[in-house]
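Asker: Have a look at this one.
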Amino acid sequence: MYRTIAASLLALAISSAVLSPAQAEAPVTYVKITKPAADTPVLIVQPEVSLSLLTAGGSQDPKEEWSKSAGKFIGASLTTVLANRKYKPATVDLAATEDTRAIQMLKLNDAVIDSISLNQIVTYRLPTKTGFDWTLGDGVTTLIPIDAAPETPPAYALFVRVKGSYSSGGRAAMMVGMAMLGAAMPMGGQTIQASLVDLKTGQVVWYNFMIVPAGTDIREAEGAADAVNTLTANLPL
């Protein structure tokens, strides 16, 4: 229930930000950190991806193959980004684990980034949140692999969540017809959210949200790489 409500509010909040820019303030979505040394391990949580086909009638048909493809390419691109920055990336798939603590941590992160997203909009801002102060708690240490070297444990975990849809050919044709009549028709789109979490304290030290640009297909390697490069441009690692 919470996820459904949060998703609905997030969509409304984004719409409000687009329609009423005067209501939005430049969001603070990070805390200052000291960059870890080169060769420090960094965990990449296998991206959560949910893509669907937006039909002519406006319904959304989930496409598992699209989701898997985008997840694979986005994950690979994240690995490349971190490796190019001289870190040692390691991917963990929390959705496939049998460790209930790790699964709960994934759900908790989803709830936290939903809250962060809403808090960026003045209308929905929590009065007690005057700065960027979010945490997953000390339970985040359960994400550290049991075979991690004790002298060089992973310093951070990078979470990424992708949601969106692609329009069917029928809907695209309808859009052309509606445009000729002077009416607009939503054509789908994708959003990406990312958070960087300190594995010692559980503190969320960075968050980013982006709308995938039109023409960038994250189901393909090139499009996924372009999106990830934009997403991580201000990643504090």
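Asker: As a test, work out the antiparallel percent of DSSP beta bridges whose residues both lie in the stretch 37-231, rounded to the nearest 5. Please list the in-between numbers first.
Answerer: Values: 22 of 37 bridges.
The antiparallel proportion sits near 60 percent.
Asker: With every atom except the alpha carbons ignored, what do you get for Rg and Dmax of the stretch 37-231, in angstroms?
Answerer: Rg, Dmax (Cα atoms, Å): 18.7, 66.
Asker: Applying a 10 Å radius around every beta-carbon, put 151-160, 205-214 in order of their mean neighbour count, most first.
Answerer: Values: 151-160: 19.4, 205-214: 17.3.
Sorting 151-160, 205-214 by mean packing, highest first, produces 151-160, 205-214.
Asker: Report the label-to-label distance for Lys107 and Lys88 in nanometres (one decimal), using points 7 Å from each Cα along the Cα→Cβ vector.
Answerer: So the two model labels end up 3.3 nm from each other.
Asker: A further question follows. Calculate, for Thr216 and Ala148, the FRET efficiency according to 1/(1 + (r/R0)^6) with r their C-beta to C-beta distance and R0 41 Å; round to the nearest 0.05.
Answerer: Details: r = 35 Å, r/R0 = 0.85.
Computed FRET efficiency for Thr216 and Ala148: 0.75.
Only the coordinates and a few stated rules stand behind these numbers; no lab work does. Quick caveat, the model's predicted, so the values are computed rather than measured. Reconstructed Cβ throughout: ideal geometry from the backbone, glycine too, with neighbour counts over all protein chains shown.
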